[in-house]
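What follows is a single structure, written as structure tokens, with notes after it.
The values are calculated or read from the model by the stated rules, or taken from the named source; none is laboratory data. Just so you know, these numbers come straight off a predicted model, no measurement behind them. FYI the Cβ positions are ideal-geometry reconstructions off the backbone, even for glycines, and counts take in every protein chain you see.
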Amino acid sequence: MNTIHYFNKIVKELEHSAPLISNDEAQTLFRHITGAKKVFVAGAGRSGFIAKSFAMRMMHMGIDAYVVGETVTATFEKDDLLILCTGSGETKTLTAIGEKAKTVGGTLAAVTLSPLSTIGKMADTTVTLPGAPKDQDGRHHETIQPMGSLFEQIMLLFFDALILRFMHYKELDTNKMYGKHANLE
């Protein structure tokens, strides 16, 4: 099989996944973001890269957004939101970060495959995304892709859709957002 054949199969998997995401959960996350003083994101591995891309787009919209662990990350406070991006919901470093956020009194959101996980149960709100875990144990829907790729792709597209929702809400367009794009690159 050729590369484009696989590409088309991936697109079909994504199309099949979109209707499995709860609009109510998405709307709840949207409300938490709009109500937060600052928004923090964290994830490990590829989920962490996607979390960073979401923080970047929030910054482009004028949201005070940070990536946990960066040297320029602000202090997390009571009126802030932490979004943990994790397929398993069991990543020990993310669990510790979530516990700290709860101790401070902020709001915790989980974007995960596993709402009944440690992080899912700890979260104030959860967005459950479809996909397959890294270990491909068969509990989630099937994929031809390796490890957590389907979950990670769905998370990227979900966050991009959430950005479009914000753009509509804030009456922003690409040109307005581009004014906040890095200019020292």
Fill in the blank from the handout: A careful count of residues in segment 52-81 that are part of a helix (DSSP H, G or I), touching a strand residue (DSSP E or B) at 6+ places or on another chain (Cβ under 7 Å) and either closer than 18 Å to Leu164 by Cβ or among the hydroxyl-bearing types (Ser, Thr, Tyr) (or both) gives 4
Practice task
Determine the pairs where a residue that is under 18 Å from Ala101 (Cα atoms), located within segment 116-145, has a partner that is among the β-branched types (Val, Ile, Thr) and modelled with pLDDT under 75 with Cβ atoms under 6 Å apart, the partner being 6 or more residues away or on another chain.
Solution key: none
Exercise for the section: Test Glu70 against the criterion of being under 19 Å from Gly106 (Cβ atoms), modelled with pLDDT under 95, of a type outside the set (Gly, Ala, Ser) and surrounded by fewer than 23 Cβ atoms within 10 Å (Cβ to Cβ), and give yes or no. Expected result: yes
Practice task
Just need a number here: residues in segment 1-22 that are loosely packed, with under 15 Cβ neighbours inside 10 Å and of a type in the set (Asp, Glu).
Solution key: 1
Problem - Single condition Thr107 does not satisfy, out of (1) touching a residue at least 60 places away in the same chain (Cβ under 8 Å); (2) touching a Gly at 6+ places or on another chain (Cβ under 9 Å); (3) under 19 Å from Gly148 (Cα atoms) - result: (3)
Practice task
Can you work out which of the residues in segment 23-48 that are in contact with a helix residue (DSSP H, G or I) (Cβ under 9 Å, 6 or more places away or on another chain) and of a type in the set (S, T, N, Q) is surrounded by the most Cβ atoms within 10 Å (Cβ to Cβ)?
Solution key: Ser47
Exercise for the section: Kindly indicate whether Met147 is out of contact with any helix residue (DSSP H, G or I) (no Cβ under 6 Å at 6 or more places or on another chain), surrounded by 15 or more Cβ atoms within 10 Å (Cβ to Cβ) and at pLDDT below 90. Expected result: yes
Practice task
Quick one: which residue in Gly48, Gly69, Gly62, Gly98 is closer than 26 Å to Gly131 by Cβ and more than 15 Å from the chain's Cα centre (by Cα)?
Solution key: Gly69
Practice task
Could you tell me whether Thr125 is more than 14 Å from Ala42 (Cα to Cα) and either touching a Leu at 6+ places or on another chain (Cβ under 6 Å) or not basic (Lys, Arg) (or both)?
Solution key: yes
Exercise for the section: Output yes when any residue across segment 36-45 is assigned to a helix (DSSP H, G or I), out of contact with any Cys (no Cβ under 7 Å at 6 or more places or on another chain) and not small (Gly, Ala, Ser), and no when none is. Expected result: no
Problem - Leading residue by the ranking (farthest from Ile21 (Cα to Cα)) among those in segment 102-130 that are of a type in the set (Ser, Thr, Tyr) and surrounded by fewer than 24 Cβ atoms within 10 Å (Cβ to Cβ) - result: Thr103
